[in-house]
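To keep things clear, I will list the structure first and then write my remarks on it.
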Amino acid sequence: RTKDPAADHARMDELCRSLGGETVVVPGTSVRTPSVPPDADLSSLSLEDIIEAAGGRVSGSGPLAVLCDTAGLYEVWTREYVAGLASYLLDRASEIGKHNSSGDIRNVTILDLGAGDGIL
């Protein structure tokens, strides 16, 4: 199943249009940002709609998303994922690394670009 990027912004697009504005693509990216007149009347909108119109993602968020936001966790890994990743990295290290006399892998550096806080 592929993700439809346009669907991510559908609600924001709809709300911006209803407020007399639009969404604008940030040049050089696929990121869309809201552009709503500063005097737009938001009084008839729910808090959820105001957040969506401001570019926040609320619609489609379930209890897990709320829990993760509250805890500051945005990546969830299963034991199977971590074990599979470790297995893959060991296999790749074995293919490209040098082995000592006991067969252990040495002199392999794994660099995780964009690792964020390194929690993984």
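The values are calculated or read from the model by the stated rules, or taken from the named source; none is laboratory data. These numbers were taken from a predicted model, which means no experiment stands behind them. Positions of Cβ are generated from backbone atoms using ideal geometry, with glycine treated the same way; all protein chains shown enter the neighbour counts. For the accessible areas, the whole protein counts, side chains as well, though only heavy atoms, and no ligand, DNA or RNA atoms are used. Shrake-Rupley method; radii C 1.70, N 1.55, O 1.52, S 1.80 Å.
Looking across segment 54-96 at every residue that is among the small types (Gly, Ala, Ser) and at pLDDT below 75, the one that is nearest to Val24 (Cα to Cα) is identified as Ser59.
Here's a check for you: in segment 18-35, which residue that is within 22 Å of Asp49 (Cβ to Cβ) and either in contact with a Leu (Cβ under 7 Å, 6 or more places away or on another chain) or among the hydroxyl-bearing types (Ser, Thr, Tyr) (or both) is modelled with the lowest pLDDT? The residue in question is Thr33. The set of residues in segment 23-67 that are over 14 Å from His9 (Cβ atoms), loosely packed, with under 13 Cβ neighbours inside 10 Å and hydrophobic (A, V, I, L, M, F, W, C) comprises Leu47, Leu64, Val66, Leu67. Contact annotation: no residue pair with Cβ atoms under 7 Å, 6 or more positions apart or on different chains, pairs a residue in segment 27-39 that is at positive phi and touching a residue at least 40 places away in the same chain (Cβ under 8 Å) with a partner that is open to solvent by less than 90 Å² (accessible area, probe 1.4 Å) and not aromatic (Phe, Trp, Tyr). Only residues that are open to solvent by 90 Å² or more (accessible area, probe 1.4 Å) and at pLDDT 85 or above were counted in segment 1-17, giving 2.
The single condition among (1) within 30 Å of Val24 (Cβ to Cβ); (2) open to solvent by 100 Å² or more (accessible area, probe 1.4 Å); (3) modelled with pLDDT under 70 that Leu113 does not satisfy is (3).
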